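Notes to accompany the following structure.
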Amino acid sequence: MIKDFTILLFGLTLFIGCRQSTEPAQQNEAVNQSYNEPHRPQFHFSPEAKWMNDPNGMVYYEGEYHLFYQYYPDSTVWGPMHWGHAVSTDLVHWEHLPIALYPDNLGLIFSGSAVVDWNNTTNFGSTDNPPLVAMYTYHNMEGEKMGKHDFQTQGIAYSLDKGRTWEKYDDNPVIPNTENIHDFRDPKVFWNDATKNWVMILAANDRVKIYNSKDLLTWEHTSDFGLGHGSQARPWECPDLFKMTTQDGEEKWVMLVSIGNRIGINAPNGGTGTQYFVGEFDGKTFTNTQSKVKTSWIDYGRDNYAGVTWSDIPQDDGRRLFIGWMSNWDYAQVVPTKTWRSAMTLPRSLTLHRNADGYLLHSTPVTELSGIRNNTYEIKQTTIETNLDLSEKINPAQAELILEIKPNEATTNFGIELSNTNGEVYRVGYDVMNNQYYSDRTRAGKVDFSEFFAKKIHTAVRNSNNKTIRLHLFFDTASAELFADNGATVMTDIYFPDTDFSQIKVFTEGGAIELNGSCYDLTSIWK
């Protein structure tokens, strides 16, 4: 969601609701030129133009993955929020669709979720044509400017044509802000098979609120969760709640909560981030079964925020699919891109694992990404004393690497280094001495746009005791995503080299490493 310090910049509401959704179609040919511009990701989702932040309304229906997102079509900085829209049949290639939801007299359209109302509990559709129902936060700018505290409420809209057009409910809002909570937003809705009703989890300042409903229209508040648990930085945002089964067959519930509104603090390496809790849910109340004071993070990089999961994934698939906004509120509005700002992370599959310390959420890139692999270079078992240059084998600007590495007793540090002819360098790897992964963008190009962007090297704890370190890496023009030890530790960072990185090497310091793996060039999803 939006940062409080930017809200006062905008007072527009009513006239935007009259905008037509033809603009993207009219601009397609011109805007698509921007997919060749500097820093534009080639296999991550990014908008054709203008500002984007949180992913919203992710739902699967009739062969399509829907991705809605916070969108401002008139600028490359945050403004009056709409819901942008795209669909995919494979989670990799995306088709841009017209804006789905516009602001209206109740307010801007902030973050939320979407579901398939299979049983037509709303009576918006029929059992033969169940409606897609979106639930979102209204943000009334005028109310906030007047100093009120009830300016955020929850509304719904529905679609009967596979999400192509949307009708807002006549009696919005369906949940008024009767408690005058300043941050009251980001509803995530799901159907609970055990209780045969709808459940909603909603962010409310320093906690979440849980509601039940039979029809998505009338809601009962059942419980709160959060006070004294995990990070207490506020506001809490973009919550999610879902059931998972561990590798041992144990059923648990996982709650995601994004946090961060204070410059330079909160998440493990500063700014905004997403924590999670593991526990029990009886349909009305969530109980955290982990340590109250422990904070678990879904990603230790600086650039994975507001992520939630897709609704209505078919049972024969069974995955819990996640995507996040690949930026950070510390600098999101000033990064050096021109026609657009922000991309999404790669889609990820979440799995829950039990270890000696409790429960650990793993994230791995979706298997569909293998479909964009192009040239392949296999690294057979080899010993590296200093470095192995891969620059003539793969393109470091669009690459995937899967490496298995065993350090010797003298090795202190190893990893992957990207560089260019300007002398700019990005490094990601493993600090053996401190048993931690790291991502170093301090010398990776443009950094002067924000004092917080390259303040330090980012680090993350290793959550495995295996003597072999497994690094699964994706590099996409201006971003790096590390999935270490089969997703036990994840780091996502963006960077902005003055020219694309053209050299790539595996390096080691202090001692040799044993290495094997596979490297791939990845093709653009936009060409």
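The values are calculated or read from the model by the stated rules, or taken from the named source; none is laboratory data. Please read these numbers as outputs of a predicted model, since none were measured by experiment. Cβ placement follows ideal geometry from the backbone for every residue including glycine, while neighbour counts extend to all protein chains displayed. What goes into the accessible areas is simple: the full protein's heavy atoms, side chains included, and nothing from ligands, DNA or RNA. Shrake-Rupley method; radii C 1.70, N 1.55, O 1.52, S 1.80 Å.
So how many residues does segment 79-103 have that are of a type outside the set (A, V, I, L, M) and either open to solvent by 10 Å² or more (accessible area, probe 1.4 Å) or modelled with pLDDT under 95 (or both)?
Restricting attention to segment 79-103, the residues satisfying the condition of being of a type outside the set (A, V, I, L, M) are 79-80, 82-85, 88-90, 93-96, 98, 102-103.
Restricting the remaining residues to those that are either open to solvent by 10 Å² or more (accessible area, probe 1.4 Å) or modelled with pLDDT under 95 (or both) gives 89-90, 93-96, 98, 102.
Qualifying residue count, segment 79-103: 8.
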Legend entry - Neighbours by Cβ (under 8 Å, 6+ apart or cross-chain): first from segment 432-461, of a type in the set (A, V, I, L, M); second part of a loop (DSSP other than H, G, I, E, B) and open to solvent by 50 Å² or more (accessible area, probe 1.4 Å): 432/510; 461/435
Legend entry - Matching entry among 367, 337, 287, 376 (being more than 30 Å from residue 198 (Cα to Cα), over 18 Å from the mean Cα position of the chain (by Cα) and open to solvent by 60 Å² or more (accessible area, probe 1.4 Å)): 376
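With 248, 240 as the choices, which residue is modelled with pLDDT under 95 and either surrounded by 21 or more Cβ atoms within 10 Å (Cβ to Cβ) or in a loop (DSSP other than H, G, I, E, B) (or both)? Walk me through it before giving the result.
Values: 240 fails: modelled with pLDDT under 95.
Exactly one of 248, 240 is modelled with pLDDT under 95 and either surrounded by 21 or more Cβ atoms within 10 Å (Cβ to Cβ) or in a loop (DSSP other than H, G, I, E, B) (or both), namely 248.
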Inset, instruction - Report yes if some residue within segment 104-126 is surrounded by 18 or more Cβ atoms within 10 Å (Cβ to Cβ) and among the charged types (D, E, K, R); otherwise report no. - result: yes
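Specify the residue that is surrounded by the fewest Cβ atoms within 10 Å (Cβ to Cβ); the eligible residues are those in segment 194-209 that are more than 17 Å from residue 176 (Cβ to Cβ) and in contact (Cβ under 8 Å) with a residue 40 or more places away in the chain.
The first filter runs over segment 194-209 and keeps only residues more than 17 Å from residue 176 (Cβ to Cβ), leaving 194-199, 201, 206-208.
From what's left, in contact (Cβ under 8 Å) with a residue 40 or more places away in the chain: 194-195, 197-199, 201, 208.
Working: 194: 9, 195: 12, 197: 17, 198: 23, 199: 20, 201: 25, 208: 25.
Top of the filtered list is 194.
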Inset, instruction - Filter segment 288-302 down to the residues that are of a type outside the set (D, E, K, R) and either without any contact (Cβ under 8 Å) to a residue 24 or more places away in the chain or assigned to a loop (DSSP other than H, G, I, E, B) (or both), then identify the one that is farthest from residue 225 (Cα to Cα). - result: 301
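So that you can scan it fast, the table gives a plain yes or no per residue for (1) over 20 Å from residue 47 (Cβ atoms); (2) part of a loop (DSSP other than H, G, I, E, B); (3) not basic (Lys, Arg):
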site	(1), (2), (3)
314	yes, yes, yes
331	no, yes, yes
336	no, yes, yes
362	yes, no, yes
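Being under 28 Å from residue 135 (Cβ atoms) and more than 18 Å from the chain's Cα centre (by Cα) narrows it down to one residue among 307, 279; which is it? Break it down into steps so the answer makes sense when it comes.
Numbers: 307 fails: more than 18 Å from the chain's Cα centre (by Cα).
Just a single option satisfies the conditions, and that option is 279.
Taking the criterion of being within 23 Å of the chain's Cα centre (by Cα) and either more than 17 Å from residue 509 (Cβ to Cβ) or touching a residue at least 60 places away in the same chain (Cβ under 8 Å) (or both), would at least one residue in segment 414-426 satisfy it? Give the steps one after another, and end with the answer.
Taking segment 414-426 and keeping what is within 23 Å of the chain's Cα centre (by Cα), we get 426.
Among the residues that remain, those that are also either more than 17 Å from residue 509 (Cβ to Cβ) or touching a residue at least 60 places away in the same chain (Cβ under 8 Å) (or both) are: 426.
Yes, the conditions are met somewhere in segment 414-426.
Just name the residue that is most open to solvent (accessible area, probe 1.4 Å) out of those in segment 51-78 that are touching a helix residue (DSSP H, G or I) at 6+ places or on another chain (Cβ under 9 Å) and in contact (Cβ under 8 Å) with a residue 60 or more places away in the chain.
Restricting attention to segment 51-78, the residues satisfying the condition of being touching a helix residue (DSSP H, G or I) at 6+ places or on another chain (Cβ under 9 Å) are 73-74, 77-78.
Those still in the list that are in contact (Cβ under 8 Å) with a residue 60 or more places away in the chain too: 77-78.
Numbers: 77: 48, 78: 1 Å².
Checked segment 51-78; the qualifying residue most open to solvent (accessible area, probe 1.4 Å) is 77.
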Inset, instruction - State which residue is farthest from residue 274 (Cα to Cα) when the search covers only segment 211-232 and only residues that are at pLDDT below 95 and of a type in the set (S, T, N, Q). - result: 232
Inset, instruction - Among residues belonging to segment 380-394 that are assigned to a strand (DSSP E or B) and within 14 Å of residue 414 (Cβ to Cβ), point out the one that is least open to solvent (accessible area, probe 1.4 Å). - result: 384
Inset, instruction - Go through (1) touching a Cys at 6+ places or on another chain (Cβ under 7 Å); (2) in a loop (DSSP other than H, G, I, E, B) one by one and return the number of the condition residue 401 breaks. - result: (2)
Inset, instruction - Inspect segment 405-422 for any residue being closer than 18 Å to residue 273 by Cα, in a strand (DSSP E or B) and either of a type in the set (Val, Ile, Thr) or open to solvent by 10 Å² or more (accessible area, probe 1.4 Å) (or both) and give the result as yes or no. - result: no
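The rows are residues; the columns are (1) under 19 Å from residue 437 (Cβ atoms); (2) without any contact (Cβ under 8 Å) to a residue 12 or more places away in the chain; (3) crowded, with 20+ Cβ neighbours inside 10 Å.
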{"position": "464", "(1), (2), (3)": "yes, no, no"}
{"position": "474", "(1), (2), (3)": "yes, no, yes"}
{"position": "478", "(1), (2), (3)": "no, no, yes"}
{"position": "492", "(1), (2), (3)": "yes, no, yes"}
{"position": "498", "(1), (2), (3)": "no, no, no"}
{"position": "501", "(1), (2), (3)": "no, no, yes"}
{"position": "514", "(1), (2), (3)": "yes, no, no"}
Legend entry - Residue that is touching a residue at least 60 places away in the same chain (Cβ under 8 Å) and in contact with a strand residue (DSSP E or B) (Cβ under 9 Å, 6 or more places away or on another chain), where the choices are 190, 184: 190
Inset, instruction - Kindly provide the set of residues from segment 164-181 that are open to solvent by less than 50 Å² (accessible area, probe 1.4 Å) and either without any contact (Cβ under 8 Å) to a residue 12 or more places away in the chain or part of a loop (DSSP other than H, G, I, E, B) (or both), ordered by number. - result: 166, 172, 173, 174, 177, 181
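Across segment 261-287, which residue is farthest from residue 481 (Cα to Cα) among those that are in a strand (DSSP E or B) and among the polar types (S, T, N, Q)?
Filtering segment 261-287 for residues in a strand (DSSP E or B) gives 273-281, 286-287.
Applying the additional criterion that residues be among the polar types (S, T, N, Q) yields 274-275, 287.
Values: 274: 16, 275: 18, 287: 32 Å.
Only one residue fits best here, namely 287.
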Legend entry - Scan of segment 253-275 for residues that are under 17 Å from residue 210 (Cβ atoms) and either open to solvent by 10 Å² or more (accessible area, probe 1.4 Å) or without any contact (Cβ under 8 Å) to a residue 12 or more places away in the chain (or both), ordered by number: 253
Inset, instruction - Could you grab me the full set of residues in segment 185-210 that are over 13 Å from residue 135 (Cα atoms), at pLDDT 95 or above and under 25 Å from the mean Cα position of the chain (by Cα)? - result: 191, 192, 203, 204, 207, 208, 209, 210
